[in-house]
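In what follows, a structure is listed as structure tokens, so that the remarks can point back to it.
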Amino acid sequence: MLDRSIVEKVLKEAMSKGGDFGEIYVESRVVTNVFCEDNKIERIHSGYEKGAGIRVISEGNTAYAFTNDLSTNGLLNAARMAAHVARGSSRDITLDFTVRIPEQALEIRKPPAAVPFETKIEKVLAANEAAREAGDYIKQVTVGLADVEKKVLIANSLGDWIEDEITRVRFVVNVVAARDGLIQTGYDAIGGVAGWELLDEVPADELGRKSARRALLMLEARPCPAGRMPVVMSSEAGGTMVHEACGHGLEADLVQKGLSVYRGKLGQKVAASNVSVIDDATLKGKYGQLRFDDEGSRGQRTVLIDQGVLVGYMYDRLTAEKDQRVSTGNGRRESYQHKPIPRMTNTFIAPGPEDPGSIISNTPRGLLVRKMGGGQVNTTNGDFVFEVQEGYIIENGEIKYPVRGATLTGNGPEALKNIDMVGSDLGFAIGQCGKDGQGVPVSDAQPTIRIRQLTVGGTSL
Amino acid sequence: MKDRLLGVGNIVMEKARRKGLDAEVFLLYDKELSIEVVDGQVETLKEAEETGMGIRVINQGRLGFAYTTNLEESVLQEMLDRAVGSSRYTTVDENNMLPEGAFTYPPMETYDPAIRQATLEEKTAMAREVETVARAYDKRISVIERSGYEDSEYLLVIINTQGVEAVEKGAFCGLYAYLVAEEDGDAQTGFSLMARKHFGELNPREVGCEAARNAVRMLKGRTIPSQSIPCVLEPYVVTNFLGILSNSVNADSVQKGKSLFAGKVGEQVAASELVLVDDGVYEKGIASFPFDGEGVPAQRTVLMENGILKGFLYDSYTARKDGTTSTGNGVRSSFRSLPGVGTTNFFFSPGPTRPADLVRDISRGLYITEVMGMHTANPISGDFSVGAAGIMIEYGELTRPVRGITIAGNLKDFLLNIEGIGNDLRFFGGTGAPTLRLKALSIAGE
């Protein structure tokens with residue numbers, strides 16, 4: 001993407017006032033977005049973007065400058081800005097780059113660029129139609145399709161030279177159903193490090209139908225009762241809970257700043273013995289898959305909680321340095337406009353021994369969550385709240401009736417300690433995870449689990 | 001820079017005219033600085049410069065769009081072609097029209113040169129003061145998560161083939177602090193933000209103190225039994241609800257059947273004292289600017305008056321669909337996206353009552369200081385069930401902190417149940433509200 005001689009010049013300029021580490025991150029991306037609403041293709045975006053971010057770290061402090069002027073002059077200007085933070089004497093660095101190549105091949109069978117607009121639009125319309133065929137109560141359907149093909153170059157003052165590329169696709173359906181003044185929504189999404197072959201596995205019309213069914217079901221639902229009760233989370237719910245209630249608190253920057261309930265708890269029991277939590281960037285095709293993270297460390301599998309015991313955190317370069325460890329390959333950024341920070345990739349609770357069906361049949365009374373909505377967590381004290389998109393009341397071990405408007409409130413470590421049954425299945429969900437104003441694609445997963453007690457918020461007291 | 005952006009814009013317009021296209025260019029130059037301080041040291045210094053262009057075309061009623069960060073003359077034709085290319089597949093819609101100029105824009109002050117003139121050292125000193133003040137406020141302040149200074153200056157150029165030519169620059173600056181207070185193993189967070197158009201109005205002391213006060217007052221909070229009681233909401237909590245409400249007064253949502261206010265203009269939708277306004281020319285507003293993202297002049301739009309729904313917010317497209325005119329709410333987040341209906345300075349007007357008087361005659365209630373997961377509220381049905389924290393009100397006094405609860409209800413009832421409006425209008429970014437008192441909210445606890 002850039003000549004070695006230019007990269008060398010820029011890195012030397014960035015380190016000209018001292019500093020412990022200098023880096024350039026160059027990115028180019030081509031994106032397509034198709035959006036359908038009100039039965040029509042409303043928008044098609046096509047974008048082309050290029051830019052570079054330059055980072056200098058000096059005694060643990062960071063200066064970051066970015067520009068989309070990729071001329072030698074533009075880059076040198078940015079490098080001079082980044083050199084601001086450095087303390088100490090000027091350094092004349094010698095650079096001898098070692099090229100590091102990806103270990104995994106990406107299997108993109110239908111690259112976005114090779115799929116014509118017409119085909120993408122057909123898929124979007126198919127999802128729209130299938131959802132609308134679900135009945136008269138369906139009032140609105142929106143379908144979004146997005147793909148991105150990204151190339152990056154990462155080079156640093158340690159002599160690393162990494163060129164990588166990644167392709168991601170995403171397909172999202174939202175349905176609004178209404179009856180007698182009651183409005184409910186249904187949602188489904190798929191996405192991955194993949195090409196549009198993804199829609200051969202899960203057809204677009206199927207996604208449309210599923211979303212519509214969910215919205216219609218919630219029209220039938222009764223208001224959710226409020227109070228403390230056992231909660232069974234089906235594997236279909238995906239791993240929103242583990243991502244929010246546990247994952248964020250295990251990101252090393254939050255831990256080091258004292259903003260995590262998991263600080264100082266390495267080696268301690270933080271969850272029930274049947275709970276293991278893993279972050280795995282190497283899961284092929286999953287939305288959070290990485291060959292290299294955004295500072296050139298290889299993506300890897302990191303065990304965070306092993307049978308209830310906290311065994312590790314997720315690190316980027318800077319936080320790893322502070323703890324005298326090596327990066328776990330979790331240094332990610334939204335784009336060249338951001339500095340990398342520790343982030344999750346594909347995060348999940350490992351499957352256990354129980355038959356998922358028997359978890360429900362062994363629950364005398366409680367809430368079954370089949371689809372999670374959004375959520376939020378306060379990592380400092382571990383308090384969380386999640387919305388339940390599709391929930392049911394369990395009575396005498398049987399699924400009785402759907403409920404709407406439920407939310408789950410609780411505390412991360414407390415909830416993890418209260419998991420008393422872990423199923424043998426595993427279900428994934430995709431998401432765009434936000435932190436410090438940066439969004440990155442992630443997936444999360446869990447088996448069917450039961451939490452002994454959680455506060456369920458609802459409108460029915 | 002202004003000449004460069006105008007030059008690029010006019011070249012694209014010329015190419016579009018030659019092809020007989022209706023087209024618009026949106027050009028943005030943006031420069032940002034952020035200084036984050038930890039323990040008196042600049043932990044992160046970020047400087048950014050960005051230029052980009054979005055091209056919107058309307059090709060026989062079909063909408064096309066393309067964007068790029070590359071403004072070299074050699075690629076301009078290709079970008080225009082890409083935009084036209086994408087228009088081939090969108091649906092014909094007669095309401096796709098570019099606003100027709102030329103407009104006269106309201107005069108306003110959007111750029112304070114003092115922001116640029118202040119040195120990096122002065123700005124860093126301000127960020128440091130926020131941190132120092134916060135730490136000194138109370139010995140239980142244990143961690144300063146982030147505190148710092150930010151500013152941004154930008155130049156916007158919008159030109160279309162229908163006569164619009166809008167050019168203006170703007171700037172704003174701000175301070176913030178996010179921190180933690182700890183006592184006997186209990187940790188609570190607090191934050192404060194201040195955003196201003198004038199550098200001289202920034203007050204580091206206020207930001208540091210408020211963040212610290214917000215954290216300390218929540219220490220050792222406990223849950224309470226499920227119940228339905230009167231609630232008083234701090235302005236920040238109210239602005240969280242406004243975030244959801246903004247969707248309901250958006251003409252796009254209304255036209256697509258996604259608003260709980262569809263068909264309700266002229267009806268009583270809120271308590272009779274409530275006034276809801278979107279004001280793009282509000283003098284002190286951080287979101288005030290002479291024109292919106294498609295070059296339409298900014299204006300003041302009253303959405304609710306005496307609790308009666310007066311109308312909705314429009315961009316050019318939705319306005320044409322409803323046979324009305326744009327309210328100047330064609331908002332654009334960057335050159336990377338098309339304009340869509342959005343808010344400017346969006347707020348509940350202040351009422352007559354001092355906030356303390358809203359609490360005084362409540363024998364048992366909850367003063368809500370925080371809501372969590374507001375984005376999970378359903379903007380379409382109005383149903384919400386969100387995490388919350390606050391302070392118990394007992395016989396008119398704020399007594400003990402409360403956490404680990406959820407509050408639930410529907411936005412319609414929320415608005416009708418307002419029985420007191422504070423005189424303390426306060427803005428968080430472009431969204432503002434006074435303290436509000438509600439007859440009752442359903443609380444789920446233990």
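Run the simple label-point estimate for B:E267 and B:K220 please: 7 Å along Cα→C-beta, distance reported in nm.
Each label point lies 7 Å from its Cα, and together they span 4.9 nm.
Over the Cα atoms of segment A:95-197, what radius of gyration and what Dmax do you get, in Å?
Rg, Dmax (Cα atoms, Å): 20.4, 71.
Report, as a whole number in µm² per second, the diffusion coefficient that Stokes-Einstein gives for segment A:180-247 at 4 °C and 1.567 mPa s using the Kirkwood radius over alpha carbon pairs.
86 µm²/s
Give me the distance in nm between label points sitting 7 Å out from Cα along the Cα-to-Cβ direction at B:K284 and A:S358, one decimal.
Taking the two extended label points, one gets 6.6 nm.
Provide the per-residue ³J(HN,Hα) series for segment A:195-209, in order, calculated from phi with Karplus coefficients 6.51, -1.76, 1.60 and θ = phi - 60°, each as a whole number of Hz, with x at glycine and proline positions.
For segment A:195-209, the Karplus-derived couplings read x, 6, 4, 3, 7, 7, 6, 10, x, 4, 5, 4, 4, x, 4 Hz, x marking Gly and Pro.
Where does chain B land on the Kirkwood hydrodynamic radius, alpha-carbon pairs, in angstrom?
Details: mean 1/r = 0.0421 Å⁻¹.
Result for chain B stands at 23.8 Å.
Expressed in nm to one decimal, what extension gain is obtained for the pair B:T104 and B:D81 from 0.36 nm per residue of sequence separation less their Cα-Cα distance? The partial results should precede the final answer.
Working: separation 23, 0.36 × 23 = 8.28 nm, distance 3.15 nm.
Using 0.36 nm per residue and subtracting the Cα-Cα distance, I get 5.1 nm.
Please report, to one decimal in angstroms, the Kirkwood hydrodynamic radius of segment B:2-215 built from all distinct Cα-Cα pairs.
Values: mean 1/r = 0.0498 Å⁻¹.
Result for segment B:2-215, one decimal place: 20.1 Å.
So for the protein assembly as shown: antiparallel DSSP bridges make up what percent, rounded to the nearest 5?
The answer is about 90 percent antiparallel.
Residue-wise, which Karplus ³J(HN,Hα) couplings in Hz belong to segment B:348-354, taking 6.51 cos²θ - 1.76 cosθ + 1.60, θ = phi - 60°, and x for glycine or proline?
Result, rounded to whole Hz: 7, 5, x, x, x, 9, 5.
What is the sum of charges, Lys and Arg at +1 and Asp and Glu at -1, for the other residues whose Cβ falls under 13 Å from the Cβ of B:D39?
Net local charge, B:D39 excluded: -1.
Can you give the net charge of the other residues whose Cβ lies under 12 Å from the Cβ of B:V180, counting K and R as +1 and D and E as -1?
It works out to a net charge of 0.
Beyond 15 Å, what share of the Cα-Cα pairs of segment B:277-325 is found? Please give it as a whole percent.
Details: 613 of 1176 pairs.
Across segment B:277-325, Cα pairs with separations above 15 Å total 52 percent.
Sequence-distant or interchain residues sharing an amide H contact under 5 Å with B:L303, placed H: which?
Under 5 Å from the amide H of B:L303 lie the amide H atoms of B:L276, B:V277, B:D278, each far enough along the sequence or on another chain.
Report, to two decimal places, the Cα Rg of segment B:272-383 normalised by 2.2 N^0.38 Å (N = number of residues).
1.31
How tilted is helix A:4-14 with respect to the longest principal axis of chain A? Cα atoms for both, answer in degrees (0 to 90, nearest 10).
For helix A:4-14, the angle is close to 90 degrees.
Tell me, in nm to one decimal, what length is gained between B:E72 and B:Q60 on full extension, where the rule is 0.36 nm per residue of separation less the Cα-Cα distance?
Values: separation 12, 0.36 × 12 = 4.32 nm, distance 2.81 nm.
My answer for the length gained is 1.5 nm.
Can you compute the modelled spin-label distance between A:D38 and B:H375, with each label point 7 Å from Cα toward Cβ, in nm?
About 2.6 nm separates the two model spin labels.
Provide Rg over Rh for the protein assembly as shown; use the alpha carbon set for both Rg and the Kirkwood Rh (inverse mean inverse pair distance).
Using Cα coordinates only, the ratio equals 0.94.
Going through segment B:123-194, which trypsin sites (Lys or Arg not before Pro) have at most 14 other Cβ atoms within 10 Å and a DSSP loop state? Display every interim value, and only then the final one.
Numbers: sites: B:K123, B:R128, B:R135, B:K139, B:R140, B:R146, B:K169; in loops: B:K139, B:R140.
Taking segment B:123-194 and a limit of 14 other Cβ atoms within 10 Å, the loop trypsin sites (Lys or Arg not before Pro) found are B:K139.
With θ taken as phi - 60° and the coefficients 6.51, -1.76 and 1.60, list the Karplus ³J(HN,Hα) couplings across segment B:269-276 in order, rounded to whole Hz; mark glycine and proline as x.
10, 8, 3, 5, 8, 7, 10, 10
Just list whichever of A:K435/B:K123; B:K169/B:K197; A:K110/A:K371; B:K258/B:K284; A:K257/A:K371 have alpha carbons separated by over 23 Å in the model shown.
Too far apart for the 23 Å limit: A:K435/B:K123; A:K110/A:K371; B:K258/B:K284; A:K257/A:K371.
If the cut-off is a Cα-Cα distance under 15 Å, which aspartates and glutamates reach A:K322, setting aside same-chain residues fewer than 8 apart in sequence?
Reachable aspartates and glutamates: A:D20, A:E59, A:E251, A:D253, B:E43.
Using amide H atoms built in the peptide plane, which far-off residues or other-chain residues are under 5 Å from A:N346 H to H?
A:D280, A:A281, A:S443
Check which residues have an amide H placed less than 5 Å from A:I41's amide H, if you skip close sequence neighbours.
B:T91
What aspartates and glutamates sit close enough to A:K151 to cross-link, taking a C-alpha to C-alpha distance under 16 Å and skipping anything fewer than 8 places away on the same chain?
List returned: A:D3, A:E27, A:E49, A:E107, A:E163, A:D164, A:E165, A:D293, A:D294, A:E295, A:E334.
If you line up the long axis of helix A:72-82 against the longest principal axis of chain A, both from Cα atoms, how many degrees apart are they, to the nearest 10?
Relative to chain A, helix A:72-82 is tipped by roughly 80 degrees.
Given the options B:G323, B:G257, B:G208, state which has the largest fluctuation in a GNM of chain B using a 10 Å cut-off (strictly under) for Cα springs.
Of B:G323, B:G257, B:G208, the most mobile in the Gaussian network model is B:G323.
Starting from the Kirkwood Rh over alpha-carbon pairs, what translational D in µm² s⁻¹ does segment B:1-114 have by Stokes-Einstein at 25 °C and 0.890 mPa s?
Numbers: Rh = 16.7 Å.
It comes out at roughly 147 µm²/s.
Dividing the convex hull volume of the alpha carbon atoms of chain A by its residue count, what do you get in Å³ per residue?
143 Å³
Would you compute, for the Cα atoms of segment B:221-446, the largest minus smallest coordinate along each principal axis and list the three values in descending order, in whole Å?
52, 35, 32
Give me the base-10 log of I(q)/I(0) for segment A:227-457 at each q in 0.08, 0.10 Å⁻¹, Debye formula, one uniform scatterer per Cα, rounded to two decimals.
With no solvent term, the Cα-only Debye profile gives -0.27, -0.42.
By how many degrees, 0 to 90 and rounded to 10, does the Cα axis of helix B:2-18 deviate from the longest principal axis of chain B?
Taking Cα atoms only, the helix is inclined about 50 degrees.
FYI, it's all coordinate maths here, none of it is from the lab. The structure presented is a predicted model; accordingly, all values stated were derived computationally and were not measured. For neighbour counting, all protein chains shown are included, and Cβ atoms are generated from backbone atoms with ideal geometry for every residue, glycine included.
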